[in-house]
Amino acid sequence: MSVTSSPESAENVEDLDIAQSSSGLAAEMTRRLDNIAALRAQGTNPYPYRFDRTHTLGEIRTAHGALEAGNETTDHVTIAGRIMLKRDQGKLIFCTLRDRTGDIQLFVSKAIVGDDAFDAINNFDLGDWVGVSGLVMTTRKGELSVKVDTAQLLAKAVRPMPDKWHGLTDVDTRYRQRYADLIINEEARRTFEIRHATIASFRKTLHDNQFIEVETPVLHMEVGGAHARPFITHHNTLDMQLFLRIALELHLKRLIVGGMERVFEIGRVFRNEGISTRHNPEFTMMESYQAFGDYTEVMALTEQLITNAAREATGSTIVMINGKEFDLAQPWRKARMIDLAGEKVGETLHPSMDVDAVRSIAAKHKIKTDVHWGSGRIIKEIFAELAEGDLQEPTFVTGHPVEISPLARADRNDPHLTERFELFIGARELANGYSELNDPVEQRLRFEDEQKAKVAGDNEAGSMDEDYLRALEFGMPPTAGLGIGIDRLVMLLATAGSIKDVILFPTLRPEAK
């Protein structure tokens, strides 16, 4: 919430440049520690156990936002927050207090609080948490305020806040010290409000579609559900190797076998891979599975989930993608992967083609391939290198080769392709879904192909999950599944440039000593 530039809410006069030098920082921290020692010597606890407030600052603004300038109400409130700005004008002190709902001004008069209390309030530092009571009023210039009659220190800030004028200019510091970033950066707070609203919207939409939310294991005995390199750990008591899950899929589909019919999970998954603006080793996925449907039904659910989330998190279905507006409420484009890749190379591509012919086409366009890849895997690489970057508007890319889709059903009209889609928006993959393979015999053959790839050196290939195969042998009805990357979706809705902007504590290199 903005603060006006009136004298009552003027910038604090305390010099925050101390944070720019280690000697200045040390001196300021020493001063504040001495202040804490003095408070304790006086019998004041600088870190009391609790404080009971009657209103949030947002509630006061909602109730009294239209109060005319120069008016005072009879509403006595008790509020709490962090001091963001402070100005001493002799017998008056003006502070800006902030809680999670917004800002409000404190109007402190020596004539009202008395000399001792006035001096104590004047000793509050920027960053301190305080609780105050007083009447709601507006100043002559119209600034909504609380006329303070009592004030209490709730938590003394030993370390000064980052420089208000320059903020946290170092990006790495913003991510590493997210707590400081959230204090100073309104945009960061907005981003995580959007994230919360997005996840809440997903839960509501799925609940309205009769899905049940469940929790499945993070520690897996086998690697499966996606192509990714896992993190490996060890359980001491059982003396066994375990993997942090790379996907939620296989346990959720076990629940479909068990008759739960519609399930979903929002959970962290872990992939031991590179870090980039789109990748973090741990991230949040939503996966859902529904019996008796196919991938076309899941595409419709994907549109519903994301459009609802945009509307409920931002108030609009319009999103900005690379400087251009797109309306998520409009029908989304659908195109086959082999067609998009073929358009880029000027030739027809299909997984049934001779692998050497497809490899030759890739080589003409300087696309590196692995000797163990089949035609389908090479086509996928051509698509990723040449076509993916052009997918700005929401696009369902369908018809993935069987080779790269070990858990998807073969297309009912083309056995070399699968009934699968990936959703791309702004050249980023946001979702993946398919008609699930439920034939245990064919699934075993697919797993065996995965094992061969792993033996040949593919570290991202899955392993043979015998328990999952046993589950399929009990019978899984026709099922459609969906996975949506929450972090990338929030990047879209919050117009964030990096995945680190939407993860509160992203993975970083160790801090330099």
Return the pairs, sorted by first residue and then second, in which the second residue is not in a helix (DSSP H, G or I), the first residue lies in segment 320-349 and is free of Cβ contacts under 8 Å to residues at least 24 places away in the same chain, the beta carbons are less than 7 Å apart, and the residues are 6+ apart or on different chains.
Glu325/Ile318; Asp327/Thr317; Asp327/Ile318; Ala329/Thr317; Gly342/Thr348; Gly342/Leu349
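What number of residues within segment 67-90 satisfy the criterion of being closer than 27 Å to Ile184 by Cβ and surrounded by 16 or more Cβ atoms within 10 Å (Cβ to Cβ)?
At the first step, the residues of segment 67-90 found to be closer than 27 Å to Ile184 by Cβ are 77-89.
Adding the requirement that they be surrounded by 16 or more Cβ atoms within 10 Å (Cβ to Cβ) leaves 77-88.
Counting residues in segment 67-90 that are closer than 27 Å to Ile184 by Cβ and surrounded by 16 or more Cβ atoms within 10 Å (Cβ to Cβ) gives 12.
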In the set Asp163, Asp119, Asp128, which member is out of contact with any helix residue (DSSP H, G or I) (no Cβ under 6 Å at 6 or more places or on another chain), charged (D, E, K, R) and crowded, with 16+ Cβ neighbours inside 10 Å?
Asp128
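Take residues that are farther than 24 Å from Ile306 by Cα and tell me which of the helices (runs of 4 or more DSSP H) falling wholly in segment 422-513 contain 1 or more.
Values: elements: 440-455, 466-473, 486-494.
Ranges flagged: 440-455, 466-473.
When you check Leu252 against the structure, is it of a type in the set (A, V, I, L, M), over 14 Å from Glu287 (Cα atoms) and surrounded by 14 or more Cβ atoms within 10 Å (Cβ to Cβ), yes or no? Outline the logic, then answer.
Numbers: of a type in the set (A, V, I, L, M): yes; over 14 Å from Glu287 (Cα atoms): no; surrounded by 14 or more Cβ atoms within 10 Å (Cβ to Cβ): yes.
No: the conditions fail for Leu252.
Examine segment 479-491 for a residue that is more than 27 Å from the chain's Cα centre (by Cα), over 30 Å from Glu393 (Cα atoms) and in the same structural domain as Glu287 (by TED's automatic domain parsing), and state whether such a residue exists.
Taking segment 479-491 first, the residues more than 27 Å from the chain's Cα centre (by Cα) are 479.
Filter once more, keeping what is over 30 Å from Glu393 (Cα atoms): none.
For segment 479-491, residues more than 27 Å from the chain's Cα centre (by Cα), over 30 Å from Glu393 (Cα atoms) and in the same structural domain as Glu287 (by TED's automatic domain parsing): absent.
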The lone exception for Asp116 - which of (1) in the same structural domain as Ser23 (by TED's automatic domain parsing); (2) of a type in the set (Asp, Glu); (3) closer than 30 Å to Phe192 by Cβ it fails:
(3)
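The rows are residues; the columns are (1) touching a strand residue (DSSP E or B) at 6+ places or on another chain (Cβ under 7 Å); (2) assigned by TED's automatic domain parsing to the domain that holds Arg412; (3) among the hydroxyl-bearing types (Ser, Thr, Tyr).
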{"residue": "Ile275", "(1), (2), (3)": "no, yes, no"}
{"residue": "Phe283", "(1), (2), (3)": "yes, yes, no"}
{"residue": "Phe292", "(1), (2), (3)": "no, yes, no"}
{"residue": "Val319", "(1), (2), (3)": "yes, yes, no"}
{"residue": "Asn322", "(1), (2), (3)": "no, yes, no"}
{"residue": "Arg359", "(1), (2), (3)": "no, no, no"}
{"residue": "His365", "(1), (2), (3)": "no, no, no"}
{"residue": "Thr369", "(1), (2), (3)": "no, no, yes"}
{"residue": "His372", "(1), (2), (3)": "no, no, no"}
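For segment 101-208, give me every one of the helices (runs of 4 or more DSSP H) that falls completely inside it and has 3 or more residues that are not aliphatic (A, V, I, L, M).
Ranges flagged: 115-122, 171-176, 178-184, 186-208.
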Does Val148 count as in contact with a Ser or Thr (Cβ under 8 Å, 6 or more places away or on another chain), of a type in the set (Val, Ile, Thr), in the same structural domain as Ser316 (by TED's automatic domain parsing) and buried (at least 19 other Cβ atoms within 10 Å of the Cβ)?
no
Per-region count, segment 399-427, residues in contact with a Pro (Cβ under 8 Å, 6 or more places away or on another chain) and either among the acidic types (Asp, Glu) or touching a residue at least 60 places away in the same chain (Cβ under 8 Å) (or both)
6
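On the given criteria, is Leu219 surrounded by 17 or more Cβ atoms within 10 Å (Cβ to Cβ) and either in contact (Cβ under 8 Å) with a residue 12 or more places away in the chain or in contact with a strand residue (DSSP E or B) (Cβ under 8 Å, 6 or more places away or on another chain) (or both)?
Details: surrounded by 17 or more Cβ atoms within 10 Å (Cβ to Cβ): no; either in contact (Cβ under 8 Å) with a residue 12 or more places away in the chain or in contact with a strand residue (DSSP E or B) (Cβ under 8 Å, 6 or more places away or on another chain) (or both): yes.
In short, no.
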Odd one out for Ser498, checked against (1) more than 27 Å from the chain's Cα centre (by Cα); (2) closer than 24 Å to Glu273 by Cβ; (3) of a type in the set (Gly, Ala, Ser)
(1)
Name the pairs whose Cβ atoms lie under 7 Å apart, with the first residue in segment 180-193 and in contact (Cβ under 8 Å) with a residue 40 or more places away in the chain and over 17 Å from Glu312 (Cα atoms), the second aliphatic (A, V, I, L, M) and crowded, with 17+ Cβ neighbours inside 10 Å, and 6 or more positions between them or separate chains?
Ile183/Met161
Within segment 157-169, is there a residue that is modelled with pLDDT of 95 or more and closer than 17 Å to Gly462 by Cβ?
no
Could you list all residues from segment 268-301 that are surrounded by 18 or more Cβ atoms within 10 Å (Cβ to Cβ), in contact with a Ser or Thr (Cβ under 8 Å, 6 or more places away or on another chain) and under 30 Å from Thr507 (Cα atoms)?
Val269, Asn280, Tyr289
Of the candidates Gly274, Gly267, the one satisfying the condition of being among the small types (Gly, Ala, Ser) and part of a loop (DSSP other than H, G, I, E, B) is Gly274
Pick from segment 40-66, criterion crowded, with 17+ Cβ neighbours inside 10 Å and hydrophobic (A, V, I, L, M, F, W, C), ranking: farthest from Arg98 (Cα to Cα)
Ile60
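Test Gly90 against the stated conditions and say whether it is modelled with pLDDT under 95 and assigned by TED's automatic domain parsing to the domain that holds Thr150. Give the steps one after another, and end with the answer.
Numbers: modelled with pLDDT under 95: yes; assigned by TED's automatic domain parsing to the domain that holds Thr150: yes.
Here the answer is yes, as Gly90 does meet what is asked.
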Here is a check on your reading of the model: is Asp172 of a type outside the set (S, T, N, Q), surrounded by 13 or more Cβ atoms within 10 Å (Cβ to Cβ) and either out of contact with any Gly (no Cβ under 9 Å at 6 or more places or on another chain) or in the same structural domain as Gly462 (by TED's automatic domain parsing) (or both)?
yes
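The values are calculated or read from the model by the stated rules, or taken from the named source; none is laboratory data. These figures come from a predicted structure and were not determined experimentally. FYI the Cβ positions are ideal-geometry reconstructions off the backbone, even for glycines, and counts take in every protein chain you see.
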